[in-house]
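**Student:** Have a look at the structure that comes next, please.
The values are calculated or read from the model by the stated rules, or taken from the named source; none is laboratory data. All values reported here derive from a predicted model rather than from experimental measurement. Neighbour counts are summed over all protein chains in view; Cβ atoms, including those assigned to glycine, are modelled from backbone coordinates with ideal geometry.
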């Protein structure tokens, strides 16, 4: 027997405005009215969210939508264009970051109506039997790369120095080679200031004491005190396990024109 969720009711102060906003963000159809006192959002061929007006207090509902990476990027773009804040954790601050810890991309936001809306590309609640089993090394390296990016954006040089090997080398999008001291020194003195470094889903391949990380990312940064236009890059990083600890040894960024 197969059971499908057909529809559910979502309380709102303004059902039409709420239905319109959610539908526009998701890129799906909606209607200002339908059967009964509802403004429906047609999430897919089998599920409808029926917004209903109420003057009474209502709890925060949680809805999670799973999409592919291309749809995720499109929806995220519309969320940004609408000026809606989002976050990478369910109850954390609005850090405007993407959660990648489960091998995909995920975000949370609270518009419309203060409800808890979630968007992801890989389900952590229900792992598919066709998905490969999690590799603890892959998960560890992915988490370290995420921590490295956060440290660079926060100018957390103590963490950054620990995660970058002594012989680390960065190849910038312009083809310039920077050593660890040159790169982290530029961050320390303010010549490079990362404002946002938002990765998509990270692919990791590990073999023995070497791991490769690849992902797309949106970057905003200032160089020489001047804010630069946002760019998108492909990033490829090589990690080595030395003395029991993983460190990044090579990093290359290729700008996406």
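**Student:** Collect the residues in region 141-161 that are touching a strand residue (DSSP E or B) at 6+ places or on another chain (Cβ under 9 Å) and either surrounded by 14 or more Cβ atoms within 10 Å (Cβ to Cβ) or within 21 Å of residue 254 (Cα to Cα) (or both), keeping them in residue-number order.
**Tutor:** Correct list: 141, 142, 144, 145, 146, 148, 149, 150, 152, 153, 155.
**Student:** Closer than 30 Å to residue 189 by Cα and outside any strand (DSSP E or B): is that true of residue 78 in this structure?
**Tutor:** no
**Student:** Within region 221-239, how many residues turn out to be modelled with pLDDT of 95 or more and either within 24 Å of residue 188 (Cβ to Cβ) or in contact with a helix residue (DSSP H, G or I) (Cβ under 6 Å, 6 or more places away or on another chain) (or both)?
**Tutor:** Here the count works out to 4.
**Student:** In the list 23, 57, which residue meets the criterion of being assigned by TED's automatic domain parsing to the domain that holds residue 108, surrounded by fewer than 13 Cβ atoms within 10 Å (Cβ to Cβ) and under 26 Å from residue 87 (Cα atoms)?
**Tutor:** Going through 23, 57 in turn, just one is assigned by TED's automatic domain parsing to the domain that holds residue 108, surrounded by fewer than 13 Cβ atoms within 10 Å (Cβ to Cβ) and under 26 Å from residue 87 (Cα atoms): 57.
**Student:** Related question: Pick from region 173-195 the residues that are within 29 Å of residue 70 (Cβ to Cβ) and exposed (fewer than 14 other Cβ atoms within 10 Å of the Cβ): which of them is nearest to the chain's Cα centre (by Cα)?
**Tutor:** 195
**Student:** Would you point out which residue out of 163, 170 is modelled with pLDDT of 95 or more, more than 23 Å from the chain's Cα centre (by Cα), in the same structural domain as residue 244 (by TED's automatic domain parsing) and on the phi < 0 side of the Ramachandran plot?
**Tutor:** 170
**Student:** Could you say whether any residue in region 180-190 is in contact with a helix residue (DSSP H, G or I) (Cβ under 8 Å, 6 or more places away or on another chain) and over 19 Å from residue 147 (Cβ atoms)?
**Tutor:** no
**Student:** Taking residue 104 as meeting all but one of (1) in a loop (DSSP other than H, G, I, E, B); (2) surrounded by fewer than 16 Cβ atoms within 10 Å (Cβ to Cβ); (3) under 13 Å from the mean Cα position of the chain (by Cα), write down the number of the exception.
**Tutor:** (2)
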